[in-house]
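Reviewing the structure listed below.
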Amino acid sequence: MSSKRDRKSGYIYKLCKRLETQIDQEYDAEQQQTTIKLESDSDNEQNIVFSTTTSDALLTSLKMTCSDSEESSNELPGLTEMPSVFEMQSASSTKESTIATVMNMFTSLSKQIATIHKKTDNVQREVTTISERLGRVEKKMGISLATMELVKDVIVNGEETPQRTHETTECFDFSIITNEEEFTAFDTKLGTDKEYYSKVKTDLSMQIHANEPNNRLFEAMDIIFARTFMVECSWTGHGAAGPKIAFGKRTNILKLFADIASNKFRTISQTFVQEFFMKKLRHAKERLNSKGVRKAVCRKRISKMPIATHAEKKAK
């Protein structure tokens, strides 16, 4: 939409064009009048009247035009205050420079964003590489730890195996338990005499050569108790044929067996010992009848896989 100033400028322009056209027309008319021959007085009078009329019309038109021009000038008091062409060009160049500055800022910002995206991609690739390396390191550490466990077991087994003695009676100063009185006295002395408890524990540990807890309990049971005595016992003291010796009441003996089966890497609880004796007491008659046969031991099933493969499996 055009502004008020533009409309006023257009109005002045049209007025000037109108004056120029009217002057040209009058000039052409005067030229035609000079070339026409006066044939008669009436014609001359007519031409004079025509010329006078034309002059009057021209004068009236000019007066009207001047009046319109003055009115236009009065209506447009700010016409003389219109900005020059130079000022308009300056304003236009200022706008263009501002637009160019903004575009440069957007271009620079776009470049910075692209740079940030590239750096982010590089960081992500580095993180992925580091994660893969950590995974490989963890896998190797798992294999190493599993191998160390195997080596530790071998070392512990070697350290825990006491030297074999030729005669057990040289280290053990009491007779094998065969009745309830000896059983009760042994339990009482273990609970009241700490030095005696420590000596019995040390002597039994020197005589036991097994490493697995169940096998150590087997050997200790055969050293301390007669097989005929074990037939007379049950865990609670109840039996199918009548009362029996209550094995589960002798807590000091159970504690001694738990200490003998333990080592510095594994502690055996009295619950473990309880389950062991409950099972052995149920099969005491079978053990008595198998006297003279090779002593039964608890055996573990050993994996036949290579050490490295077994270690990897434990690491997973």
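Extending 7 Å from the Cα toward the beta-carbon at both GLU181 and ASN104 defines two label points whose distance is 11.7 nm. In terms of other Cβ atoms within 10 Å, ILE224, ILE155 run from fewest to most in the order ILE155, ILE224.
Under the combined filter of DSSP loop state and at most 11 neighbouring Cβ atoms within 10 Å, region 242-278 retains these trypsin sites (Lys or Arg not before Pro): LYS264.
Tell me the label-point distance for the pair GLU30, PHE265, using the 7 Å Cα-to-Cβ offset, in nm and rounded to one decimal. It works out to 13.4 nm between the two label points. Which shape class, rounded, prolate or oblate, goes with region 105-157 when its Cα gyration tensor gives a ≥ b ≥ c as root eigenvalues, a/c under 1.5 marks rounded, and past that a/b bigger than b/c marks prolate? Cα axes put region 105-157 in the prolate bin. This model, with +1 at the C-beta of Lys and Arg and -1 at the C-beta of Asp and Glu, gives region 105-157 a dipole about its Cα centre of some 320 debye. Applying 1/(1 + (r/R0)^6) with r as the Cβ-Cβ distance of LYS279 and LYS140 and R0 = 45 angstrom yields a FRET efficiency of 0.60. Classification of region 217-278 by its C-alpha gyration tensor yields a prolate form. The axis ratio a/c (a ≥ b ≥ c) is 1.5 or more, and a/b outweighs b/c.
Treating r as the C-beta distance of SER93 and ILE12 and R0 as 30 Å, the FRET efficiency rounds to 0.65.
Computed on region 180-289, the Cα convex hull volume stands at 101 Å³ per residue.
For ASP193 and ALA246, FRET efficiency with R0 = 25 Å and r from the beta-carbon atoms, rounded to 0.05? Computed FRET efficiency for ALA246 and ASP193 comes out at 0.65. Taking 7 Å steps out from each Cα toward its Cβ at GLN22 and ARG133 produces label points 9.6 nm apart. For region 195-295, the list of chymotrypsin sites (Phe, Trp or Tyr not before Pro) that fall in a loop by DSSP and count at most 14 other C-beta atoms within 10 angstrom reads PHE265.
Of the peptides 208-214, 103-109, the ranking by mean beta-carbon count within 10 Å, highest at the top, reads 208-214, 103-109.
All of the numbers you see were taken from the coordinates with simple rules; none came from a lab. All figures in this text were calculated on a predicted structure; none of them were measured in a lab. Backbone-built Cβ (ideal geometry, glycine too); neighbour counts: all protein chains shown.
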